[in-house]
Amino acid sequence: MEKLNNLATSVMNQWPGVRVRVTEGWDEDNHHGIHSLHYEGRAVDITTSDKDRSKYGLLAGLAVEAGFDWVYYESRSHIHCSVKSDSPLTRSGGCFTGNSTVLVEGGVRRRLSELQVGDRVLSLDKATGRMVYSEVILFLDRDESRWRQFLSVETSSGETVRVTPSHLVLRKTLSGVLESVFAGKLAPGDVLMVGSGKNLIETSVERVSVVADQGVFAPLTQTGTIIVDGVLASCYAVVESQSLAHYAFAPVRIYTNAKHSFHTQVGVHWYAKFLYDLSDYVLPSGMIYRRS
């Protein structure tokens, strides 16, 4: 991290023989909240190598001068420093891991990292309420090498799906209606729908934890839904409305010959980026996923 190197140089110039001591960078033990930049490699907790707390005030000032976007005393024992994401969250969307699996037509289970545009995967046709195999028309995001923070959602019936907090999942209300909610809002006891055949059955969320995993994949089907690792989810993210998101992507579903256009895609699809940016201006802030 360039800013950390700049800070290290400033510290040595200020206090010869003293170095920057990083007490935590990437969080592998899930000690932080689900939105922490420690899961993205964009935050460090620091002290001086001599652990002299009288230096921490000036150390914070040097961190600001080094270019960190956010610096504060998180506790008496260290200073927290972080940098903004290169891409706002509304540009990065939501997705599943590369190891997540779907059922393709014929009943074959396939990892998302192996899924191709044109494959037909198990989904729910909300108009008819039937389970159908729906064509993957493009990937809203696709990057095999990128590391991201995911929520590991475990159900009482044994399914586990890894999904980003801003992705929409379909939760059943007390009145029996399927509503789209951000995965980051799920809590133990919430009712999800699972299935791998002709029928969906109810299950409850048993546990939600934070994990880091490699590979981000967000396939878009004609139905706008997809069953990943046995759990019914939306194909959409960022905006908390399944119907609005599905309507917004209607031009893509109608006009895109995705089988030939997007199989080499890396990163967020251009149309998704356009809609995520547009949503900041035309939608109420309460509908858009943001870090708290």
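Among the listed pairs LYS55/LYS185; LYS3/LYS185; LYS84/LYS126; LYS172/LYS198; LYS126/LYS185, give every one whose C-alpha distance is greater than 29 Å.
Pairs exceeding the cut-off: LYS55/LYS185; LYS3/LYS185; LYS84/LYS126.
Sort 203-213, 235-245 by the packing proxy (mean of other Cβ within 10 Å over each peptide's residues), most packed first.
So the peptides 203-213, 235-245, ranked by packing, come out 235-245, 203-213.
Could you give the length gained by full extension between GLU206 and ARG146, i.e. 0.36 nm per residue of separation minus their alpha carbon distance, to one decimal place?
Between GLU206 and ARG146, full extension yields an extra 18.8 nm.
Decide, for the stretch 89-262, between rounded, prolate and oblate: order the square roots of the alpha carbon gyration tensor eigenvalues as a ≥ b ≥ c, take rounded if a/c falls under 1.5, and otherwise choose prolate if a/b is larger than b/c, else oblate.
The shape class here is rounded.
Under a Cβ-Cβ cut-off of 9 Å, what is the net charge of the residues other than SER180 that fall near it, where Lys and Arg count +1 and Asp and Glu count -1?
-1
With contacts defined as alpha carbon pairs under 8 Å and 6 or more residues apart, what's the relative contact order of the stretch 89-262 in percent?
So the answer I get is 29 percent.
Need the C-alpha centroid separation for the stretch 102-139 versus the stretch 203-221, integer Å.
For the stretch 102-139 versus the stretch 203-221, the Cα centre distance is 17 Å.
Computed from the coordinates by the stated procedures, all read-outs in this text should not be read as laboratory data. Note that the coordinates shown come from a computational prediction; the quantities given were computed from them, not determined experimentally. With ideal geometry, Cβ positions are generated from the backbone for all residues, glycine too; neighbour counts draw on all protein chains shown.
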